[in-house]
1. Mind listing the long-range amide H neighbours of residue 35? Cut-off is under 5 Å, sequence gap 5 or more, other chains count too, H placed in the peptide plane at 1.01 Å from N.
2. Take the range 1-123, drop everything but the C-alpha atoms, weight them equally and run the Debye formula without solvent; then report log10 I(q)/I(0) at 0.15, 0.16 Å⁻¹ to two decimals.
3. Using R₀ = 41 Å, calculate the FRET efficiency as 1/(1 + (r/R₀)^6) where r is the Cβ-Cβ separation of residue 51 and residue 97; round to 0.05.
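No value in this document is a laboratory result; all are computed from the given coordinates. For clarity, every value in this text was computed on a predicted model and none was experimentally measured. As a convention, Cβ positions derive from the backbone with ideal geometry for all residues, glycine included, and neighbour counts pool all protein chains shown.
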Amino acid sequence: EVSRYSGIDDEAVQSGENLLLTFTKIRDETGRGNQIFTRATKIVADMSVALGQDMKSSAIQVGKALNDPVKGVTALQRVGVSFTEKQRDQIKALAESGKQMEAQKLILRELTTEFGGSAKAAGDTTAGAMNKLKVSVGNLQESLGALLSPALATAAEKMATFLQGLQDGTGSAGRFRDHVVSAFQAVKTAVEPVLVGLVQAVRGAFDIIRGIALVLSGLLRGDFGRMWDGIESIFRGSLNAVVGIVRAITAPIRT
């Protein structure tokens, strides 16, 4: 929710919430206005925008203040949050009488007065709209990645097995290679000029297949070096395949 209206990355918001969770006295309870953790999360986002700092810094500041209201008020004043003497006395009295939540509510009320709505206002600007779009695209990529990852992993594994078979001459890939080689050998004498081009084209096709497998494998492993090798193999294979086909087509005309 915070990410949608503010344009702050949802992972940054969650990081702030994770820090708030380390402060054991900050929690949501039943009853109107008792959702201290939820309210604190929104205030952390507002403070981050208003003060130009990251969610982590704001979460620590708010977390300390709500976890120990008496000391927390003094700490918040150091970053520019203003509490009147009456408010400080009220917070101290509530905390010392065991009314922790009431003291927390007073702190949240003042933080809301000073910073409330800052994150939403930033999200309504042109820059904020672009941030919200970027977050949405990122979330879509994450969703698609989670859906496609198993299929890509299976495809990459099968492709790797096929390529290994081509290299070792084993399995169905090895038999395929043997059939292709045998077929070319049988007609080599008669159509050697054409065969040269076709062989080059087939090698180029194998390079393309190998490159696709490397790109998929690199994508799944986060190995950009492997991905780059795959792209080079695809480019090299495509070039060789085109040149080979052209040679095969034009060879009979030259002869």
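1. Result for residue 35 returns 29.
2. -0.61, -0.70
3. About 0.85, to the nearest 0.05.
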